[in-house]
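Working notes for the structure below.
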Amino acid sequence: MIVLGIETSCDETSAAIVKDGKAILSHVIKSQTDIHKQYGGVVPEVASRSHLEALVPVLTAAFKQAFAADLDDKTAWEKIDAIAVTKGPGLSGGLLMGAVSARALAWAFDKPLYGVNHVLGHTFANFIANDSPKFPLLSLTASGGHTQLLLLRDLFEYEVLGQTQDDAVGEAFDKVAKMLGLSYPGGPSISRVAENGDRLKYRFPIAQLSSRYDFSFSGLKTAILRELQTAVGKTHEFPSFKIAPHLSSQQIADFAASFEHTAITTLIKKLSQAITDHSPATVVIGGGVAANKYLQQQLSSLPAEVKILPAELCTDNGAMIACLGYFQAQHQPSDDLHNLLIQPSLSL
Ligand code: KG4
Ligand code: ZN
């Protein structure tokens, strides 16, 4: 079964054509990070406009790559069995662009349509890259919007073991990068400068929560702000956005390295706890932060093997949406294309 997947929930416009939830026939990702960089983060209105501009070229490129055909080529469309699109969670303007495009294509070419959950998509990205994951399957999704530990007893039989009570871990990377004067997205910028820093120079606390698998990153962000204000000899009233010019490049590297160490250690600790408690047959990680090299190095300390996804399957992408759409098509009815609504706050 061949599925066209469309992803527009945040700042990547992506389309992929995937066979049987596994073989990628084409995968096109148009990132908006260069546009949002100048604002220091994603501007929702700018994001939806960019999705609108990018969707047709991205879909066209996906058809060219997979079938050497145009988007309106009826023979190529005969090879597509279904369309999957992110229905949430995400930014409503972007989701809307993806959903209306998918609905229009499903109507025009008479294809079944599947609205999929973006966060679950990050877990399913592993079904493309890894050999037949087995159940029970433990999945950590660490992205800009979510930090979640999920236990799947079967494909669509899952339990949310824990999640962040405030900021997502990727969001913490982005906010700390901003304080250090580093560019958006914060994850790759922090990793880059952290290579020259001392990970143990500053000791930041790991939040202790009553629920053993929950996460919290807002306290870490505040602890860093306080330490930064002290480091530049200012009071706690000194605004975070004025700190960076007072820092030396070594200080920036040390703060980045110490933050990255604390954030990644938090993820590893929770993952380790869940592995010990639930003895999963497979452990997977997904979401933008799963592309973090320091995290990938620390995975070897876990009591179970964790396969590493290629970076383009960690960050937002259409292939994971096509893959999840394929499994939905095997187990669930398709959505009514006239009534597929976006759900910006969709949860699992
Ligand atoms: O999964 P994703 O592309 O979008 C969401 O669903 O949110 O994740 C984006 C997040 C951003 O916060 C970005 O800073 C972070 O993932 N990220 C990283 C890395 N690459 C992207 N964080 C740490 N290290 C990285 N290499
Ligand atoms: Zn995502």
Inset, instruction - Counting helices only, and only those DSSP H runs with n ≥ 4, report the 222 nm mean residue ellipticity of the chain as the sum of -39,500 (n - 2.57) divided by its residues, in deg cm²/dmol to the nearest 500. - result: -14000 deg cm²/dmol
Inset, instruction - Would you please state the base-10 log of I(q)/I(0) at q = 0.11, 0.12 1/Å for the chain, with intensities from the Debye formula using one equal scatterer on every alpha carbon? - result: -0.72, -0.85
Legend entry - Footprinting exposure proxy for HIS122, HIS246, HIS36, HIS338 (fewest neighbouring C-beta atoms within 10 Å first): HIS338, HIS246, HIS36, HIS122
Legend entry - Sorted by Cβ density within 10 Å, fewest first, the residues ILE321, ILE35: ILE35, ILE321
Legend entry - Amide H partners (placed H, <5 Å) of ALA84, local residues excluded: LEU4, GLY5, ILE6, TYR114
Legend entry - DSSP-loop chymotrypsin sites (Phe, Trp or Tyr not before Pro) across segment 139-177, with at most 14 other Cβ within 10 angstrom: PHE156
Inset, instruction - Please arrange ARG153, ARG199 by counting, for each residue, the other beta carbons lying within 10 Å of its beta carbon, fewest first. - result: ARG153, ARG199
Inset, instruction - Could you work out the relative contact order of the chain, using alpha carbon pairs under 8 angstrom and six or more residues apart, expressed as a whole percent? - result: 26
Inset, instruction - Compute from the Cα atoms of segment 196-241 the Rg and the Dmax, the latter being the longest Cα-Cα distance, and quote both in angstrom. - result: 13.0, 37
Legend entry - Among GLY121, LEU138, ILE190 the positive-end extreme of the charge dipole of segment 71-218 (Cβ point charges): ILE190
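Since every read-out is calculated from the coordinates, none of them should be taken as a lab result. Everything numeric here is computed off the predicted structure, so don't read it as measured data. Note that each Cβ is placed from the backbone with ideal geometry, even for glycine, and that neighbours are counted across all protein chains shown.
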